[in-house]
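For reference, the structure discussed in these notes is given below.
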């Protein structure tokens with residue numbers, strides 16, 4: 001158990017809908033990262049937050065947004081969902097932003113868009 | 001940008017040694033990580049290299065050559081439970097602390 005909690009584990013929805021994925025980082029970790037993993041692609045970095053502020057953006061679509069709250073949990077909002085958004089979404093956390101800080105991953109949310 | 005290449009699949013025999021290679025091109029370099037991921041599960045940290053050379057951790061070792069943009073993960077005394085995907089990830093100097101992952105190498109260990 002990495003200590004990173006993601007909910008829900010599975011989500012099935014329809015095209016055009018909006019969903020929210022939730023992540024609680026390990027106790028004491030300030031950084032939260034979101035990744036998307038599709039069947040034929042590796043882990044794609046979406047966005048990072050550090051202590052409530054956005055720090056880095058990757059290949060995140062405009063239909064997607066995220067935030068980190070004062071209690072450090074984070075939410076990833078996916079709207080106007082398309083079939084291609086079906087993927088495993090991982091949240092990861094790290095304590096600080098040191099060079100050798102390793103990421104601890106949650107067990108992921110499997111999103112299926114039908 | 002970043003470009004990370006790994007073989008897609010490998011097969012090896014229980015008890016044997018396997019080497020999984022990773023080549024990378026990145027704008028700035030702050031270290032290379034290897035993660036293990038069993039199907040449908042979270043990636044888990046295996047190793048970190050930032051200086052050239054070999055880092056050994058039990059049955060797993062990881063090597064880095066920064067001048068060649070090359071790393072490998074060496075798994076010894078393979079066990080059936082080592083069947084998993086092995087992800088090579090590079091930490092770039094651009095962007096704060098986020099890792100860029102390769103597509104992973106799916107290793108199948110056969111009896």
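At a threshold of 8 angstrom on Cα-Cα distance, excluding pairs fewer than six apart, so keeping six or more, what relative contact order does chain A reach in percent?
Computed value for chain A: 37 percent relative contact order.
Given the options B:45, B:33, B:60, which has the most mean-square fluctuation in a GNM of chain B, springs set between C-alpha atoms less than 10 angstrom apart?
The residue with the greatest mean-square fluctuation here is B:45.
Note down, for region A:59-111, the three equivalent ellipsoid semi-axes (square root of 5 times each alpha carbon gyration tensor eigenvalue), biggest first, whole angstrom.
Listed largest to smallest, the semi-axes of region A:59-111 are 24, 14, 11 Å.
Given Cα pairs under 8 Å that are at least 6 residues apart, what percent is the relative contact order of chain B?
After rounding, I find 37 percent.
More than 24 angstrom separation, counting every C-alpha pair in chain B; what % is that?
19 percent
Taking chain A on its own, what percent of its Cα-Cα pair distances exceed 21 Å?
Cα-Cα pairs of chain A separated by over 21 Å account for 30 percent.
What is the spin-label model distance, in nm, from residue B:39 to residue B:54 if the labels are put 7 Å beyond Cα along the C-beta direction?
With each label placed 7 Å out from Cα toward Cβ, I get 3.3 nm.
If I take R0 = 41 Å and measure r between the Cβ atoms of residue A:60 and residue B:13 in this structure, what FRET efficiency does the formula 1/(1 + (r/R0)^6) give, to the nearest 0.05?
For residue A:60 and residue B:13, the calculated efficiency is 0.50.
Compute a Gaussian network model of chain A, connecting alpha carbons closer than 10 Å, and tell me which residue from A:104, A:45, A:69 fluctuates the most.
Fluctuation is largest for A:69.
For a quick check: sort A:112, B:71 by the number of other beta carbons within 10 angstrom, fewest at the front.
A:112, B:71
Using all alpha carbons of the protein assembly as shown, what is the percent of pairwise distances in each 5 Å bin, ordered from the shortest bin to the longest?
1, 7, 15, 19, 19, 17, 12, 7, 3, 1, 0
How far apart, in nm, are the 7 Å Cα→Cβ label points at residue A:18 and residue A:96?
Between residue A:18 and residue A:96, the simple spin-label model gives 3.8 nm.
Please arrange A:64, B:100, A:90 by counting, for each residue, the other beta carbons lying within 10 Å of its beta carbon, fewest first.
Least crowded to most crowded, the residues run A:64, B:100, A:90.
Could you work out the pair-distance distribution P(r) of region B:46-111 from its alpha-carbon pairs, with 10 angstrom bin width and percents rounded to whole numbers?
All Cα pairs considered, the percentages come to 18, 47, 29, 6, 0.
Which order results if B:8, A:109 are arranged by neighbouring Cβ count within 10 Å, fewest first?
Result, fewest neighbours first: B:8, A:109.
We did not get these values from a lab; they are worked out from the coordinates using the rules stated. Just so it is clear, the structure is predicted and the values come from calculations on it, not from any experiment. We place every Cβ from the backbone using ideal geometry, glycine too, and count neighbours over all the protein chains shown.
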